[in-house]
């Protein structure tokens with residue numbers, strides 16, 4: 001146990017996966033997140049934070065992986081709350097709630113993306129590009145693998161990000177942005193790697209030491225970056241008029 005705690009505190013590599021805790025904990029990260037988990041494990045220079053979805057047993061497959069050095073504080077909590085991610089305070093006006101069956105207007109979408117982007121310091125155009133690539137702006141989009149909503153959140157990811165209903169646009173965008181922020185932090189703001197991890201999972205990016213050689217993932221990364229560049233070019237042209 002001493003070896004595990006040392007690796008966790010200083011980000012040192014360890015040869016095997018070793019359990020750090022079983023009690024419910026609140027983990028604070030450098031980027032301002034506060035994440036509730038049921039247990040942690042050190043895996044090399046990373047830490048896995050495990051979650052429990054409502055109505056489901058504890059699973060070794062339901063976890064989020066972060067760099068050990070990104071953890072600044074761990075607190076034991078009395079009970080296991082619903083998984084939640086706290087976001088940093090922002091002065092941007094909170095978006096108007098959008099009902100389940102109503103597609104957001106362009107203005108409502110702008111408000112939600114601006115709010116989420118400001119909370120996580122992510123360019124609104126990048127978020128809009130991800131939404132376009134993931135769902136084409138369809139609120140009730142569901143993939144063949146079960147990903148849901150505007151930013152196509154898998155149920156486990158949605159739960160970990162504090163999303164109760166992936167078909168509510170403001171919740172989906174908030175959760176998707178929080179997860180993308182984690183990927184950007186993990187890959188030191190390398191947008192291509194973060195997008196690849198968002199699409200194929202960080203395990204695949206780590207395994208191939210870069211964007212995985214999957215046709216879908218490479219096409220996805222290129223599509224998002226192309227859309228992002230298009231938006232920036234349009235903004236530049238508009239400003240020049």
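Quick note: the coordinates plus some simple rules give every number you see, no bench work behind them. Everything quoted here is computed from the prediction, not taken from an experiment. Don't worry about glycine lacking a Cβ; one is built from the backbone with ideal geometry, like all the others, and counts go over all protein chains shown.
Each of 109, 234 was scored by other Cβ atoms within 10 Å of its Cβ. Listed from fewest to most, they are 234, 109. Contact order for the range 106-240, expressed relative to its length and based on alpha carbon pairs under 8 Å spaced 6+ residues apart, stands at 19 percent.
With a Förster radius of 30 Å applied to the beta-carbon distance between residue 123 and residue 209, the computed FRET efficiency rounds to 0.70.
Residues 173, 122 in ascending order of nearby Cβ atoms (within 10 Å, fewest first): 122, 173.
Exposure proxy shown here: for 144, 39, the number of other Cβ atoms within 10 Å sets the order, fewest to most, as 144, 39.
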